[in-house]
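Below is one structure, written out as structure tokens; the observations come after it.
Read the figures in this text as sums done on the coordinates, not as results from a lab. From a predicted model like this one, the values you see are computed outputs, not experimental measurements. With ideal geometry, Cβ positions are generated from the backbone for all residues, glycine too; neighbour counts draw on all protein chains shown.
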Amino acid sequence: MAHSHLGCQSPRDYFTEQLLTILVCGGLGFVGVSMYLNGMLIHILAPQFHTAVLVGSTAVLVLVVIRALVVWREAGALQAAEGMNCQENHVHTAACNHLPGLPGGDATADDHAHSHDLSWVFTRMLILAFPILLYAFGIPNSGFSMEWQLRKAGNDVALDPETLKKLAEESARPSDKLTIEPDGTRIQVLLHPTGMEIKEITTPSGEVKYIPLPGAGEEMRFNTLNEAAYDPDKRKAYSGQTAIMEGRFKRLDDKEFTLFRLKMTCCGADTVPLKVRIIAPLAVNGFNDFDWVRVKGVIQFIKAPGQDRYTPVLVLGGIGEDDIRRVEVRNEYEF
């Protein structure tokens, strides 16, 4: 049967519990709205769920206001009670006209055989307030640690250093772009069936180098290239195009590194790395693991040693500012 908890405990204990509950619930609602507005939710939850957090947190704040008004009216009614014939710290008798602990009730009322010990109330509130304390300390403020991300990125094996040479020799044909330098260096532009242009540089000594010629390029998503690696038609469509991508740097050798970001489907617990292999014609120096870099290169899909699946690869045309450069820290995740 429904009953009032005013009769189970003293007014002090009752209103203390109610006020603490109102404060903690209000704090949780405030934290949810604040994390939505300042972008902190992006570190723990995928964007499609952010609106639900905002709506839920707003609803909690509305309920907090309603409950605060109800408790305020209860407190006012208690202060206005008249006709009391006993005080709070008296010996209860059959003549009392109040519920146990509260003036104005029935002394014979049952206490419902349960307790509202404030020690448990404080313990419960401390647990509920823990997320609020984390928010006060600025948490969450970033993604997973550097060590965790590098470990999840894996220890990939470097590709064959002759990869670009093989691409040029497979079925590339010479174009009409031929230049001979004063020192005798011969520069011939080759056209690969994928649409990629490869510059073949032959020195007077007979040494041959191959450097791809990226176009203007467009911003490309990690997820797009990783999905294309499993689809022959998509591999054919994207091969030879120029892509611009930003992500974390992880070195494999002097001319090759992995570029990666994190993919979050639902929340931080299901995060997985998305990787693209980067091959440069010259040694890449001045970058450390976990640096954020921006690269521009020609898309290829190559089978890594010991693997049956294709790996998305960007082949850089050089190591200049237009090919690879450090950038400010971006959002860790791609959704």
Inset, instruction - Any chance you could check the Cα centroid distance between the stretch 268-335 and the stretch 22-57 for me, in angstrom? - result: 33
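Give me CYS266, CYS25 ranked fewest to most by other Cβ atoms within 10 Å of their Cβ, as a rough exposure proxy. Don't skip to the answer; put the middle values down first.
Values: CYS266 11, CYS25 18.
In order of increasing Cβ crowding within 10 Å: CYS266, CYS25.
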Inset, instruction - Sort HIS50, HIS43 so that the residue with the fewest other Cβ atoms within 10 Å of its own Cβ comes first and the one with the most comes last. - result: HIS50, HIS43
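Among TYR14, TYR210, TYR333, TYR230, what is the fewest-to-most ranking by other Cβ atoms within 10 Å? Numbers along the way, then the final one.
Values: TYR14 23, TYR210 20, TYR333 17, TYR230 11.
The fewest-first ordering by Cβ neighbours comes to TYR230, TYR333, TYR210, TYR14.
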Inset, instruction - Please give the contour-minus-distance gain from SER142 to ARG326: 0.36 nm per residue of separation, less the Cα-Cα distance, rounded to one decimal in nm. - result: 64.3 nm
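Net charge within 14 Å of ILE324 by Cβ-Cβ distance, Lys/Arg positive one each and Asp/Glu negative one each, not counting ILE324 itself? The partial results should precede the final answer.
Details: positive: ARG248, LYS250, ARG251, LYS255, ARG277, ARG294, LYS296, ARG325, ARG326; negative: GLU246, ASP254, GLU256, ASP291, GLU321, ASP322, ASP323.
Around ILE324, the surrounding residues sum to +2.
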